[in-house]
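To start, the structure under review is shown below, and the notes come after it.
The values are calculated or read from the model by the stated rules, or taken from the named source; none is laboratory data. Here the structure is a predicted model, which means the values were calculated and not measured. Here Cβ is always computed from backbone atoms with ideal geometry, including for glycine, and neighbour counts include all displayed protein chains. What goes into the accessible areas is simple: the full protein's heavy atoms, side chains included, and nothing from ligands, DNA or RNA. Shrake-Rupley method; radii C 1.70, N 1.55, O 1.52, S 1.80 Å.
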Amino acid sequence: MRYLLLFFIFFTLSATAQIPGSGMHCGYDFTSYFVLDVHESGKSENIKGLKITIIDSLGNDVVNINNAYSWKNANKPLQFYLNYKIDDNNQKVAEGKATGKERWFFPFAKDNYLISVANTFPAEKFSVKVQDVDGQENGGRYKTVILPLYSYNMYILCSSETQQAAMKFGRKMNRPIDIVLEKE
């Protein structure tokens, strides 16, 4: 009788795990993204060659000690990078070079800056610092901007349709943070 009861419990748990949506995982589990749209006032194209980092309340770069904040770049400062295009072989396409079927590596980010963080990232404790560093592509033409981060700024890519339907009222999910830079 005990074995019959154990078999019934095992069968029930196994059947429950097979229901769609209960055990499915996506490629972005445990990660979220911050996406930044950095441009000049009145222009839509992103400004390239910027140094964008996550900073603490004292203005220091946040270091990803032992992957506490992100699953990438352990023990390095949390720094944004530009999304890039890839070809059919998943190889990075050089800037300005056109191939037949290029696409964005992260299709949700398009031509924006982004960074991957853990879902548990405490966004409210940090800010983002956008700098146009001398000696880089823009030559220090833009003023430095510091903006606070919020958890609603994170792209959560592994959510169900019911979760997204519940968010229809209020702020839209998965929109880039709009940052407008001024010239010095």
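Determine, yes or no, whether Val38 is within 21 Å of Asn153 (Cα to Cα), among the β-branched types (Val, Ile, Thr) and either open to solvent by 40 Å² or more (accessible area, probe 1.4 Å) or at pLDDT below 75 (or both). So Val38 does not fit the description; no. Yes or no: Ser22 modelled with pLDDT of 90 or more, open to solvent by 50 Å² or more (accessible area, probe 1.4 Å), assigned to a loop (DSSP other than H, G, I, E, B) and among the polar types (S, T, N, Q)? No, not satisfied. Taking the criterion of being within 19 Å of the chain's Cα centre (by Cα), among the polar types (S, T, N, Q) and assigned to a loop (DSSP other than H, G, I, E, B), the residues of segment 32-65 that qualify are Asn46, Asn64.
Residues being under 24 Å from Pro176 (Cβ atoms), under 17 Å from the mean Cα position of the chain (by Cα) and of a type in the set (A, V, I, L, M, F, W, C) are entirely absent from segment 90-98.
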